[in-house]
1. What is the one condition in (1) among the charged types (D, E, K, R); (2) within 25 Å of Gly192 (Cα to Cα); (3) without any contact (Cβ under 8 Å) to a residue 60 or more places away in the chain that Asp305 does not satisfy?
2. Is the range 125-143 home to any residue that is out of contact with any Leu (no Cβ under 6 Å at 6 or more places or on another chain), more than 24 Å from Pro221 (Cβ to Cβ) and buried (at least 17 other Cβ atoms within 10 Å of the Cβ)?
3. Restricting attention to the range 133-176, which residues are over 16 Å from the mean Cα position of the chain (by Cα), assigned to a loop (DSSP other than H, G, I, E, B) and of a type in the set (Lys, Arg)?
4. Taking Val273, is it assigned to a strand (DSSP E or B), over 25 Å from Lys230 (Cα atoms) and of a type in the set (A, V, I, L, M, F, W, C)?
5. On the basis of being assigned to a strand (DSSP E or B), touching a helix residue (DSSP H, G or I) at 6+ places or on another chain (Cβ under 6 Å) and under 17 Å from Ile101 (Cβ atoms), does Arg246 make the cut?
6. From the list Arg246, Arg203, Arg250, Arg267, which one is farther than 22 Å from Leu78 by Cα and either of a type in the set (Ser, Thr, Tyr) or without any contact (Cβ under 8 Å) to a residue 12 or more places away in the chain (or both)?
7. Within the range 206-233, track down each residue that is of a type in the set (Lys, Arg), under 19 Å from Asp268 (Cα atoms) and touching a residue at least 40 places away in the same chain (Cβ under 8 Å).
Amino acid sequence: MAQLIPFRRPLPVFRALRVTCSQPRIQRQCFSQTSLLLASNNINSNKMMGQRPRQAAEPSRKVLMKQNAQIPSDVGLLDCTLPSPLLTYSTTKSTPTVTFITPTGRNVPSPFGSPKTYLKLRVEHLKTRLRDRFSLFVLWVSSPSVNRKFFTRAIKIQRSAIAPTAVALHRQMYTLFAEGQLAVLRKMCTDGIYQTFQSRIERRRKGEKVVWELVKYNGGPKLVSHRGAKIPMDGAAIRQAVVRIRSTQRLTRWVNGKQVEGTGKERDVTEYVVLQRMTQGWEEGGWMVWGTTEETTVEELKKWDEKKALE
């Protein structure tokens, strides 16, 4: 808004000028140092009253993120057996966590031969899905709104984009591993799987070349798990997603121009690729590859029940 400038009319000439017949008197007035200081203080105070005091500049989100403690990229799998559906996750856990992956095919017990076990798997599947959806809802509501719009949040779920992202990262990851490009793998993988790739690449013999080929996909990818949790830090959170990818692959090794015997065969592979996305200062990072996991077996489910009973 433009600042209004006060406008004063000039005094009339006959009021501004005083014509006197007598000669003007010369008056002198002495000012002490004290009066000069008081006058200067009054002038400065008047200037300060018209100006707002300067406030200290607030640090940006990037500065706050650097000041906060660094969150490790590999924090393990989010525990599906947490008692609270709010899922406040701690990055200092010493015990490994578990994620329920619904078994398929031969890993599913027969509903006629083992009806109790089959029913237990179905119930656990339903409980896990409800818990996952609720954890994402709580995380979404906890994130600040954008432009004061309730349905526009800093956390964007975007469920439909996860499976295509997993397919792209899966293909890029194995291609870079075969080519030995550790610098690029560092940017797209968490610490655990990156260290595995690094050790395997460093163990390659001199003159060894690895070629990875994706022959075809056996069906489309499927998102089988997607959950979120808040980390006990201001504006920090984590999301993990598990995508099932079925494909036919071929891995060929060459040493000094000769193919290593036993390599180069096509294999049908079913992988559960785990993606991870970290949030700091309510700013989401990109999806990274955490690694792979496997389907939950009946024996593992029994161990979970025994662990709950002991607790």
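1. (2)
2. Checking the range 125-143: at least one residue is out of contact with any Leu (no Cβ under 6 Å at 6 or more places or on another chain), more than 24 Å from Pro221 (Cβ to Cβ) and buried (at least 17 other Cβ atoms within 10 Å of the Cβ).
3. Listed by number, the list holds a single entry, Arg148.
4. So Val273 does not fit the description; no.
5. Judged against the criteria, Arg246 is not a match.
6. From the options Arg246, Arg203, Arg250, Arg267, the qualifying one is Arg203.
7. Answer for the range 206-233, where residues must be of a type in the set (Lys, Arg), under 19 Å from Asp268 (Cα atoms) and touching a residue at least 40 places away in the same chain (Cβ under 8 Å): just Lys222.
Residues are listed down the side, and each one gets a yes or a no for (1) under 27 Å from Ala161 (Cβ atoms); (2) of a type in the set (D, E, K, R); (3) surrounded by 15 or more Cβ atoms within 10 Å (Cβ to Cβ); (4) at pLDDT below 95:
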position	(1), (2), (3), (4)
Ile201	no, no, yes, no
Val243	yes, no, yes, no
Arg246	yes, yes, yes, no
Thr252	no, no, yes, no
Gly262	no, no, no, yes
Val274	yes, no, yes, no
Thr279	yes, no, yes, yes
Glu283	yes, yes, no, yes
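The values are calculated or read from the model by the stated rules, or taken from the named source; none is laboratory data. No experiment lies behind these values; they were computed from the predicted model shown. FYI the Cβ positions are ideal-geometry reconstructions off the backbone, even for glycines, and counts take in every protein chain you see.
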